[in-house]
Amino acid sequence: MMKTWQNILLSPTRTLRDALEVINEQASQVVLIVDESKHLLGVVTDGDIRRALLKNFGLEVAVSEVMNTSPITMQKGTPKEQLIEVMHRKSILSIPIVDDGKVVGLEMLKSFLSKPYFDNPVFLMAGGFGTRLRPLTDNCPKPMLEIGNKPILETVLLSFVKAGFRNFYISTHYMPALILNHFGDGRKWGVNITYIHEDKPLGTGGALGLLSRTISQDLPLILMNGDVLTKVDFARLLEFHNGNKADATMCVREYEYQIPYGVISGQGNRITEMVEKPIQRFFVNAGIYVLSPNVVNSVPQDTNIDMPTILERQISQEKDVLMFPIHEYWLDIGRMDDFNRAQADIRSLGMN
């Protein structure tokens, strides 16, 4: 049973932002919504929050607006075998334990099982010049700049290793020797690393065309920019992709922009509405993708092409291209401000 289950209890008036903070701090993937007597009112999962973001719910919405009011629960004292069987049969990762309607614990599937391993290939893009970070990148590839006490790319690699991935490909172009000398064949971390060298820049997706066609034709590939810091749950991302039988999945991040003026709507010269400094919300590309083998194989060799173009072609062919909203920490280290922010963030994230 989760030892700190009391920490994931929230009242129905708390916000989605509060739920996110608890999920990220407790690594629980769920919060339990209770009344003052700890009677279970509902649950909010990691997936519920992502679906709420897709529906354009703001993070200040009360959890009561999106919670599942009829969650699967089990009584105190239920045998472990029965709990595992129910979680597998219902495809759920956790079950609240109740006694006379009151929450007395939370059982999580991962606590019953050994650490999972994934054979899916992970492709880390590390060939860029990092021109916006000069002079730091004059003598060092951007992914090899140190955040905390290790290169950005090593932090990225370790986040996948921790999640159970072990087959890695790294694309190189600018100063490849610095990357090869640091990572070698991956045995230091108990993984396999293969290098894909771009003789000329091939864009954010062109390196896929250099992958050997012997790469797994059964398993989706995860592709990620090598200069992104994130605490995305890669196992959940892969589960989402597989569960929806997607051809491609793009991670997206909600981005808010406040218009600094009053916005006026009208019909002809008649004003019909005035909104003072409205906030516009958009989803932006987070630089993390899951690609099924048919998408990987569609990329021609030795062709400069960006990932958005690859996905646009899939969309034009009416393939299933989905988006996976991420609420976890995410930072694209593209500018000096981002680099400085990452230095401040890394220790509090527990990733250094």
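The values are calculated or read from the model by the stated rules, or taken from the named source; none is laboratory data. The model shown is predicted, which means the values in this text are computed figures rather than measured ones. Counting neighbours? That spans all protein chains shown, and the Cβs are built from the backbone with ideal geometry, glycine included. These accessible areas exclude ligands, DNA and RNA; they are computed on the full protein's heavy atoms, side chains included. Shrake-Rupley method; radii C 1.70, N 1.55, O 1.52, S 1.80 Å.
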Open item on the list: With a cut-off of 8 Å between alpha carbons and a minimum separation of six or more residues, what is the relative contact order of the chain in percent?
Closed with: 16 percent
- [ ] Would you indicate which of [x] 57, 41, 41; [y] 68, 66, 43; [z] 74, 51, 33 is the value of Cα extents along the principal axes in Å derived from the coordinates of this structure?
- [x] [y]
TODO: Could you pull the Cα extents of the range 205-347 along its three principal axes, largest to smallest, in whole Å?
DONE: 63, 44, 31
- [ ] Would you mind classifying the range 127-201 by shape? Square roots of the alpha carbon gyration tensor eigenvalues, ordered a ≥ b ≥ c; an a/c under 1.5 is rounded, otherwise it is prolate if a/b is larger than b/c and oblate if not.
- [x] oblate
- [ ] Work out which GluC sites (Glu not before Pro) in the chain are exposed loop sites (DSSP not H, G, I, E or B, at most 10 other Cβ within 10 Å) and give the longest gap free of them.
- [x] 61-317
Task: Extension gain from Arg132 to Glu312, taking 0.36 nm per residue of separation minus the Cα-Cα distance - done: 62.1 nm
- [ ] Between Asn297 and Ile84, with labels modelled 7 Å along Cα→Cβ, what's the label distance in nm to one decimal, could you check?
- [x] 3.7 nm
- [ ] Note the angle between two axes, namely the Cα long axis of helix 336-349 and the longest principal axis of the Cα atoms of the chain, as a number of degrees from 0 to 90, rounded to the nearest 10.
- [x] 50 degrees
Task: Per residue Cα convex hull volume in Å³ - calculated over the range 1-119 - done: 116 Å³
Task: Structure-based [θ]222 nm, the chain - -39500 (n - 2.57) summed over DSSP H runs of at least 4, per residue, nearest 500 - done: -7500 deg cm²/dmol
Open item on the list: Quick check for you: with a 1.4 Å probe and neighbouring chains kept, what is the accessible area per residue of the chain, in Å²?
Closed with: 51 Å²
- [ ] On the protein heavy atoms, probe 1.4 angstrom, tell me the percent of accessible surface of the range 200-352 carried by carbon and sulfur.
- [x] 48 percent
Task: Accessible-area value, Lys110, 1.4 Å probe, nucleic acids and ligands omitted, Å² - done: 120 Å²
Task: Cleavage-rule hits, chymotrypsin sites (Phe, Trp or Tyr not before Pro), the range 87-160, DSSP coil, Cβ neighbours within 10 Å at most 13 - done: Tyr117
TODO: At 7 Å along the Cα-to-beta-carbon direction for both Leu9 and Glu65, put a label point, then send me their distance in nm to one decimal.
DONE: 2.6 nm
Open item on the list: Just to check I understand the Karplus step: with θ = phi - 60° and J = 6.51 cos²θ - 1.76 cosθ + 1.60, what whole-Hz values come out for the range 309-318, glycine and proline as x?
Closed with: 5, 4, 6, 4, 5, 5, 4, 5, 8, 6
TODO: Would you please classify the overall shape of the range 73-219 from the alpha carbon gyration tensor, given that a ≥ b ≥ c denote the square roots of the eigenvalues, rounded means a/c under 1.5, and beyond that prolate means a/b larger than b/c while oblate covers the rest?
DONE: prolate
Task: Distant-in-sequence amide H partners of Thr194 (H built 1.01 Å from N, under 5 Å) - done: Phe168, Tyr169, Ile170
Task: Of Lys90/Lys162; Lys76/Lys231; Lys142/Lys277; Lys55/Lys102; Lys55/Lys142; Lys162/Lys200, pairs whose Cα-Cα distance is over 29 Å - done: Lys76/Lys231; Lys142/Lys277; Lys55/Lys102; Lys55/Lys142; Lys162/Lys200
Task: Crossing angle, helix 80-90 versus the chain [Cα axis fit, 0-90 degrees, rounded to tens] - done: 70 degrees
TODO: Enumerate the amide H contacts of Phe283 below 5 Å, restricted to partners 5 or more residues apart or on another chain; note that Pro and chain-start residues carry no placed amide H.
DONE: Tyr255
Open item on the list: Among Tyr289, Tyr195, Tyr261, which one shows the highest mean-square fluctuation when the chain is modelled as a Gaussian network with alpha-carbon springs under 10 Å?
Closed with: Tyr261
TODO: Collect residues whose amide H, placed 1.01 Å from N in the peptide plane, falls under 5 Å from the amide H of Ser94; neighbours closer than 5 in sequence don't count.
DONE: Leu109
